[in-house]
Amino acid sequence: MASKPGLVHTQDTAKSEGRRYWLMKTEPDVFSIDDLKKNKTTLWEGVRNYQARNHLTSMKVGDQILLYHSSAEVIGVAGLGEISKEAIPDPAQFDKKSEYYEPAATKEKPRWFCPEVRFVEKFKTVVTLEQIKDDPALADMLVIKRGQRLSVQPVEKKDFDHIIKMARK
DNA sequence: GCCAACGTTGGC
DNA sequence: GCCAACGTTGGC
């Protein structure tokens, strides 16, 4: 029987098929890679931007995350995470005391959602924004695009892999 | 602290 | 639907 080379699945490719890659920003003063390492997992609460929300709700278990420190002493990718649970309604939107309270949201019609992120790895040294900007191979990354403020961004696999290579150097 | 870039709100 | 005013993000 003729086989189509493109459709031959090793277990590994089967597992990683459809896996996607993301960059998620966090301010380390608020929640850092060290906090995630300590907690093991976290609900990614507080995202209040529709485009970012749409990314969050499309994430699947196993999707890989670049954890990016913004507004930090050392700005850049600090480590890796992965999606451990798909998005649920963000509990903070129902909490009147929370800065993320959303008056327009109801339990029946939640507005904001958050997945659970699991700690994977803290890089020995941060792959800095400057390094990313200086590397022509990463020229397409959204994070270095002018005016790009989205706190949840899709990342190409090649860029994800390249960042990891830089971190291991 | 500055400010460019962007998103949201609300009057019309 | 337009758009001015305002708020936020985030690097510098």
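The values are calculated or read from the model by the stated rules, or taken from the named source; none is laboratory data. Because the structure is predicted, anything quoted here is derived from the model rather than measured. Note: ideal-geometry Cβ built from the backbone for every residue, glycine included; neighbour counts use all protein chains shown. Side chains are part of the model used for accessible areas, which takes the heavy atoms of the whole protein and leaves out ligands, DNA and RNA. Shrake-Rupley method; radii C 1.70, N 1.55, O 1.52, S 1.80 Å.
Data overview
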read-out: The stretch A:5-147: translational diffusion in µm²/s, Stokes-Einstein, Kirkwood Rh over Cα pairs, 4 °C, 1.567 mPa s; value: 78
read-out: Backbone N under 18 Å from the A:Asp161 label point (7 Å along Cα→Cβ), restricted to the stretch A:119-154; value: A:136-141
read-out: The stretch A:90-169: GluC sites (Glu not before Pro) in DSSP coil with no more than 16 other Cβ atoms inside 10 Å; value: A:Glu99, A:Glu108, A:Glu156
read-out: The stretch A:18-167, accessible surface, carbon-and-sulfur percent (1.4 angstrom probe); value: 48
read-out: The stretch A:62-122: radius of gyration and largest Cα-Cα distance (Dmax), Å; value: 14.6, 41
read-out: Point-to-point label distance, A:Phe94-A:Gln51, nm (Cα→Cβ direction, 7 Å offset); value: 3.0
read-out: Gain on full stretching of the segment that runs from A:Arg168 to A:Lys40 - 0.36 nm per residue minus C-alpha separation; value: 43.9 nm
read-out: About the Cα centre, charge dipole magnitude for the stretch A:18-167 (Lys/Arg +1, Asp/Glu -1 at Cβ), debye; value: 360
read-out: Cleavage-rule hits (trypsin sites (Lys or Arg not before Pro)) in the stretch A:82-159: DSSP loop, at most 15 neighbouring Cβ within 10 angstrom; value: A:Lys96, A:Lys97, A:Lys107, A:Arg111, A:Lys145, A:Arg146, A:Arg149
read-out: Förster radius 41 Å - calculated FRET efficiency between A:Glu102 and A:Thr125, Cβ distance, rounded to 0.05; value: 0.60
